[in-house]
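**Student:** Dropping the structure in here first, questions after.
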Amino acid sequence: MTSTEDGRESETVISVAKVGKLRPEPTGGREWVSTSRGLWIAGYILLMALVALRLPLTRKYLNANVPADVRSEIGDDRLLSLSMTVGTVLFFLVYAVIIALYFSLAAFLDKRVIPGKSVIAGRFKIGSFFVIAILATIPVNLFSVVFGVIQPRDVPGYWAYFPSMAVLALAIFYRHWREFSTGRKILVVLSAIGLATIVAIG
């Protein structure tokens with residue numbers, strides 16, 4: 001009888017162990033959810049398209065700021081034009097890398113600082129720092145293309161736009177961070193303004 005009972009008890013322990021393997025206990029770790037990758041890619045492509053449209057303005061700006069002594073040393077206008085073209089292409093490539101790094105920083109903050117997300121069109125998750133990154137880059141370049149402004153920072157209200165835009169984005173997503181501690185709320189505001197100001201300074 002004892003051996004039979006021991007055998008049944010062993011079978012029960014083994015079956016419980018197998019069930020435990022099939023249904024692991026959920027971890028208590030926090031799940032970090034970022035803005036949908038498709039939105040980041042679409043935002044990057046749109047921004048670089050606007051930058052490409054700004055290249056004639058950039059080339060004009062570079063040509064206008066060539067020192068007179070350098071212009072006289074080169075002498076040949078065709079060579080000068082070629083150098084301006086090379087400079088414009090290099091500007092575009094460097095800017096593409098810088099924007100990729102900027103979006104990577106924004107995506108990191110979007111994932112870590114305010115994990116809460118809103119959903120648009122029933123499938124795309126969108127976070128506050130994504131909105132800040134987009135509003136800090138695309139409208140400025142769009143304004144430059146539409147109005148032919150080489151240096152948008154010369155436009156009145158340029159410096160006020162970035163911090164106010166960041167605060168507005170945080171206000172829209174306030175329900176996602178209103179229950180944070182005071183210290184973390186300060187971190188949220190400083191991170192948002194800092195992310196927007198990077199573009200203004202650059």
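**Student:** Starting from the stretch 116-202, pick out the trypsin sites (Lys or Arg not before Pro) whose DSSP state is loop and whose Cβ has at most 11 other Cβ atoms within 10 Å.
**Tutor:** Details: sites: Lys117, Arg123, Lys125, Arg153, Arg175, Arg178, Arg184, Lys185; in loops: Lys117, Arg123, Arg178.
Passing both the DSSP loop test and the Cβ count: Arg123, Arg178.
**Student:** Between Leu142 and Tyr158, what length comes free when the chain is fully extended (0.36 nm per residue of separation minus the Cα-Cα distance, one decimal in nm)?
**Tutor:** 4.4 nm
**Student:** Rounded to the nearest 0.05, what FRET efficiency is calculated for Ile74 and Ala52 with R0 set to 25 Å and r the Cβ-Cβ distance? Walk me through the numbers on the way to the answer.
**Tutor:** Values: r = 26 Å, r/R0 = 1.06.
In this case the efficiency is close to 0.40.
**Student:** Compute the distance in nm between two label points, each set 7 Å from the Cα along the Cα-to-Cβ direction, one at Ala42 and one at Ile186.
**Tutor:** Each label point is offset 7 Å from its Cα along the Cβ direction, giving 3.8 nm.
**Student:** Determine ³J(HN,Hα), in whole Hz, for all residues of the stretch 160-165 in sequence, where each value follows from phi through the Karplus function 6.51 cos²θ - 1.76 cosθ + 1.60 and θ = phi - 60°; x replaces Gly and Pro.
**Tutor:** 3J(HN,Hα) across the stretch 160-165, in whole Hz: 7, 4, 5, x, 5, 5.
**Student:** I'd like the chymotrypsin sites (Phe, Trp or Tyr not before Pro) in the stretch 98-180 restricted to DSSP loop residues with at most 15 other Cβ atoms within 10 Å, sorted by number.
**Tutor:** Values: sites: Tyr102, Phe103, Phe108, Phe124, Phe129, Phe130, Phe143, Phe147, Tyr158, Trp159, Tyr161, Phe173, Tyr174, Trp177, Phe180; in loops: Phe173, Phe180.
Counting only loop positions with at most 15 other Cβ atoms within 10 Å, the chymotrypsin sites (Phe, Trp or Tyr not before Pro) in the stretch 98-180 are Phe180.
**Student:** 5 Å is the cut-off here: which amide hydrogens, built 1.01 Å from N in the peptide plane, fall below it relative to Ser118, excluding neighbours closer than 5 in sequence?
**Tutor:** Excluding prolines and chain starts, which carry no amide H, the hits are Ile126.
Read the figures in this text as sums done on the coordinates, not as results from a lab. Just so we're clear, the structure is a prediction, and the values are computed from it rather than from any experiment. Methodologically, a virtual Cβ is constructed for each residue, glycine included, from the backbone with ideal geometry; neighbour enumeration extends over all protein chains shown.
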